[in-house]
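What follows is a single structure, written as structure tokens, with notes after it.
The values are calculated or read from the model by the stated rules, or taken from the named source; none is laboratory data. Bear in mind the structure is a predicted one, so any value in this text is a computation, not a measurement. With ideal geometry, Cβ positions are generated from the backbone for all residues, glycine too; neighbour counts draw on all protein chains shown.
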Amino acid sequence: MSRADRAVLVRVPATSANLGPGFDSLGLALSLHDVVQARVVDAGLAIDVIGTGAGTVGQGEDHLVVQAMRAAFSQIGEQPPGIALRCENSIPQGFGLGSSAAAIVAGMLAARALSGERGLDRLPDNAVLQLAARLDGHADNVAACLAGGLTIAWAAPSGFRYARLTPLARLTPVLCVPKVPLSTAAARQVLPATVPHADAAQNAARAALLIAALTADPEPLLDATEDFLHQPYRARVMPRSAALVTALRMAGIPAVISGAGPSVLALTVPEKTAGPAAVAVIADEADPDWTVHVLEIDRDGAVVELT
């Protein structure tokens, strides 16, 4: 194995999937980041976690970054003698912000970088997408994490694919995070096996409109973020989140459940919607336990550096 002489640093963004009607397809990268530093060592496995998840995430081979690195090294063709990791986490875990996708992407890109030219040859960008999406279960968060900006992900006969779009420069995401997380599995269990044809048609129209609203004309953003496929069914397992979405939307602020929840994402645009301060006021009135983050769109995606 050709190894990098220095440590590899990978910076990965949080992501919000679905954005309302874009179920399992749309993703938006946000300016909350995890940073993973990795190096090959002579033997063993050492993991140091700082920030979110410190003391609670799986250790050893159960750590998701390690699992992703192992999968990448296997595809490249050889496992290293030992790995040392330092993870500085800012992405809330279990709140619908793509923390699993971020860990997987960080691990795979770190393994590829540590493998030098052989890594790039055996694990090109498309192979990273395929492997990461299979490990995460979906491509929506993975695509946005890799590419940054706004992404549309889909499954084709040749595998997972995505298109990257450039969101409006004046779009400001405002994230509302509750105290208690919710697993993606729990959020999926309440979804029905089938939905009415009329609801599917409504969602198709809203998803198409949402692309136009996020990239060209924000005027229809409130209508464009309306969902019929998953948020109504998930309301019973995250009632406070559903109530906050309703309160924000009644105030004319486009708001959605972020990914599988329970975080809420508001999309504000100057002169088109109320601003971040109004989101914070409404969140506090709904429940003082909400933590509100005024963010930017991450337009770079995953970044790899040698240190």
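Taken over region 10-37, residues that are in contact with a Cys (Cβ under 9 Å, 6 or more places away or on another chain), of a type in the set (A, V, I, L, M) and farther than 17 Å from D136 by Cα amount to 2. So which residues in region 117-162 are assigned to a loop (DSSP other than H, G, I, E, B) and either over 21 Å from R70 (Cβ atoms) or among the charged types (D, E, K, R) (or both), if there are any at all? Within region 117-162, G148, G149, P157, S158 qualify. When A133, A143 are screened for being buried (at least 23 other Cβ atoms within 10 Å of the Cβ) and without any contact (Cβ under 8 Å) to a residue 40 or more places away in the chain, only A133 passes.
Would you check which residues across region 244-292 are within 24 Å of A187 (Cα to Cα) and among the acidic types (D, E) and list them? Listed by number, the residues that qualify are D287, D289. The residues of region 261-282 that are of a type in the set (G, A, S) and either closer than 14 Å to L244 by Cα or buried (at least 24 other Cβ atoms within 10 Å of the Cβ) (or both), listed by number, are G261, S263, A266, A278, A280. Within region 274-295, being at pLDDT below 95, among the hydrophobic types (A, V, I, L, M, F, W, C) and assigned to a loop (DSSP other than H, G, I, E, B) holds for one residue alone: A274. Inspection of region 92-101 identifies no residue that is over 30 Å from A43 (Cβ atoms) and among the hydroxyl-bearing types (S, T, Y).
Of D62, D34, D42, which residue is in the same structural domain as P92 (by TED's automatic domain parsing) and free of Cβ contacts under 8 Å to residues at least 24 places away in the same chain?
Being in the same structural domain as P92 (by TED's automatic domain parsing) and free of Cβ contacts under 8 Å to residues at least 24 places away in the same chain holds for just one of D62, D34, D42, which is D62.
Please determine whether any residue of region 62-78 is within 24 Å of A186 (Cβ to Cβ) and surrounded by fewer than 16 Cβ atoms within 10 Å (Cβ to Cβ). Yes; the residues of region 62-78 include at least one that is within 24 Å of A186 (Cβ to Cβ) and surrounded by fewer than 16 Cβ atoms within 10 Å (Cβ to Cβ). Residues that are assigned to a helix (DSSP H, G or I), touching a strand residue (DSSP E or B) at 6+ places or on another chain (Cβ under 7 Å) and not aromatic (F, W, Y) do not occur anywhere in region 250-273. Take the conditions (1) over 28 Å from A286 (Cβ atoms); (2) β-branched (V, I, T); (3) surrounded by fewer than 24 Cβ atoms within 10 Å (Cβ to Cβ); T172 misses just one of them, which is (1).
Cβ-Cβ contacts under 8 Å between residues 6 or more apart (or on different chains), taken from a first residue in region 252-263 that is free of Cβ contacts under 8 Å to residues at least 60 places away in the same chain and more than 14 Å from P178 (Cβ to Cβ) to a second residue that is of a type in the set (A, V, I, L, M) and assigned to a loop (DSSP other than H, G, I, E, B), are listed as G252/A274; I253/A274. Just to be sure before I move on: is G116 surrounded by fewer than 19 Cβ atoms within 10 Å (Cβ to Cβ), out of contact with any Phe, Trp or Tyr (no Cβ under 7 Å at 6 or more places or on another chain), free of Cβ contacts under 8 Å to residues at least 60 places away in the same chain and under 18 Å from R6 (Cβ atoms) in the structure I sent? Answer is no for this residue. What are the residues in region 257-300 that are over 26 Å from T215 (Cα atoms) and among the aliphatic types (A, V, I, L, M), if any? Correct list: V281, I282, A283, A286.
Would you be able to tell me the number of residues in region 233-259 that are hydrophobic (A, V, I, L, M, F, W, C) and farther than 25 Å from D217 by Cβ?
Selection size over region 233-259: 7.
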